[in-house]
1. Would you check which residues across segment 348-366 are in a helix (DSSP H, G or I) and of a type outside the set (Val, Ile, Thr) and list them?
2. Checking the conditions here, which among MET115, MET120 is in the same structural domain as LYS160 (by TED's automatic domain parsing), under 16 Å from PHE139 (Cα atoms) and either out of contact with any helix residue (DSSP H, G or I) (no Cβ under 7 Å at 6 or more places or on another chain) or surrounded by fewer than 17 Cβ atoms within 10 Å (Cβ to Cβ) (or both)?
3. When you scan segment 281-302, how many residues do you find that are in a helix (DSSP H, G or I) and crowded, with 24+ Cβ neighbours inside 10 Å?
4. For TRP212, only one of the following conditions fails: (1) in contact (Cβ under 8 Å) with a residue 40 or more places away in the chain; (2) of a type outside the set (D, E, K, R); (3) surrounded by fewer than 16 Cβ atoms within 10 Å (Cβ to Cβ). What is its number?
5. Looking only at segment 69-104, count how many residues are out of contact with any strand residue (DSSP E or B) (no Cβ under 6 Å at 6 or more places or on another chain), among the charged types (D, E, K, R) and touching a residue at least 40 places away in the same chain (Cβ under 8 Å).
6. Does THR322 satisfy the condition of being crowded, with 17+ Cβ neighbours inside 10 Å, free of Cβ contacts under 8 Å to residues at least 40 places away in the same chain and of a type outside the set (Lys, Arg)?
7. Which of the residues that make up segment 98-132 are modelled with pLDDT of 95 or more and among the charged types (D, E, K, R)?
8. Condition (residue is surrounded by fewer than 22 Cβ atoms within 10 Å (Cβ to Cβ), farther than 20 Å from TYR141 by Cα and charged (D, E, K, R)) applied to segment 262-269: is it met by at least one residue?
Amino acid sequence: MPGDRLNDEDANDCVMPVRSANPIRAKSLIRDNLEKQASTLNSLHSRMPNIKVFSGTSHPDLAQRIVDRLGIDLGKVVTKKFSNLETCVEIGESVRGEDVYIVQSGSGEINDNLMELLIMINACKIASASRVTAVIPCFPYARQDKKDKVSKSRAPISAKLVANMLSVAGADHIITMDLHASQIQGFFDIPVDNLYAEPAVLKWIKENITEWKNSIIVSPDAGGAKRVTSIADRLNVEFALIHKERKKANEVASMVLVGDVKDKIAILVDDMADTCGTIVHAADRLVEAGATKVYAILTHGIFSGPAISRINNACFEAVVVTNTIPQDGHMRDCPKIQCIDVSMMFAEAVRRTHNGESVSYLFSNVPY
């Protein structure tokens, strides 16, 4: 996004025509106007430095969509691996004095992608970038945000470790979406903008579920109660939640439904789905309780292991995810999966950050 610049014609316009019988006075007025023009240029340049957006290898499609919406080109970068599988990054253009944004999602080969992001941040920082912002649509290790119940004394808080690594690498700012736990923002000592998929989700519901006024928003666990109540309030519909107990990770032991879903369209809403055991069991429980249709809307569709097979065999009308994680392969394998494009939200967040504007507008609005 190029900064605001004055061309030669604008520069001439800034110099007011001077008519004075005193040539010394005329020259003084011209000089004063030229100094004023230079001051204006310096002010514009300090407020609107040049911008560079680079993409890691985890989600180049999203990065391309972001720069397309910004009307700029994607920055040149080459990533490769040495024979011993070390990651090598080469930034292909100058970033000196630039406002740099690096798009890298926590998906796929998470550890390699995280290391690649750290190296890219550091490469730009030591190349004298004025600011480096990591755009991480799906934050890695977000589920390891606290000590678990089993081994409280020995469990790591890996989300905090990742936050420290990003700061040490040289990141000045983080932009992400729907953190698994809001306290992760407090793990950083740099600014974090946690965007929400909620505005885009509301828009999808109203445009794609014709009888949405007869719906009920359901959280598949107690931890998502705040999320579903917010959506239910904005739709002016009821909400319910499912209390689940786990024997171990990715395995649900029992589910208790709190709320009346009989003869209603149940819309399950959660921040992420991995193996999909929880949402599939929740869908079955909702149908047993009398729901006429079941939808699932998830911000981050990880879909690992048996997830696709489970969705194909489940009673969902549709499983809706955003493109914080690449979904093309999942959509080919499962016709029930639909995707909401959130690139416009990240593009607008980048634009507002670059221009020094507030990002809070995006918390409740879709920037179409």
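The values are calculated or read from the model by the stated rules, or taken from the named source; none is laboratory data. If you're wondering where the values come from, they're calculated on a predicted model, not measured in any experiment. Because the Cβ atoms are built from the backbone with ideal geometry, glycine has one as well, and the counts that use them run over all protein chains shown.
1. Within segment 348-366, GLU348, ALA349, ARG351, ARG352, HIS354, ASN355, SER360, TYR361, LEU362, PHE363 qualify.
2. MET115
3. Step one: filter segment 281-302 for residues in a helix (DSSP H, G or I), giving 281-288.
In the following step, the residues that additionally are crowded, with 24+ Cβ neighbours inside 10 Å were identified as 282-283, 286.
Total satisfying the criteria: 3.
4. For TRP212, the failing item is (3).
5. Looking only at that region, the number is 2.
6. Working: crowded, with 17+ Cβ neighbours inside 10 Å: yes; free of Cβ contacts under 8 Å to residues at least 40 places away in the same chain: no; of a type outside the set (Lys, Arg): yes.
The answer is no for THR322.
7. Listed by number, the residues that qualify are GLU98, ASP99, ASP112, GLU116, LYS125, ARG131.
8. Yes: one or more hits.
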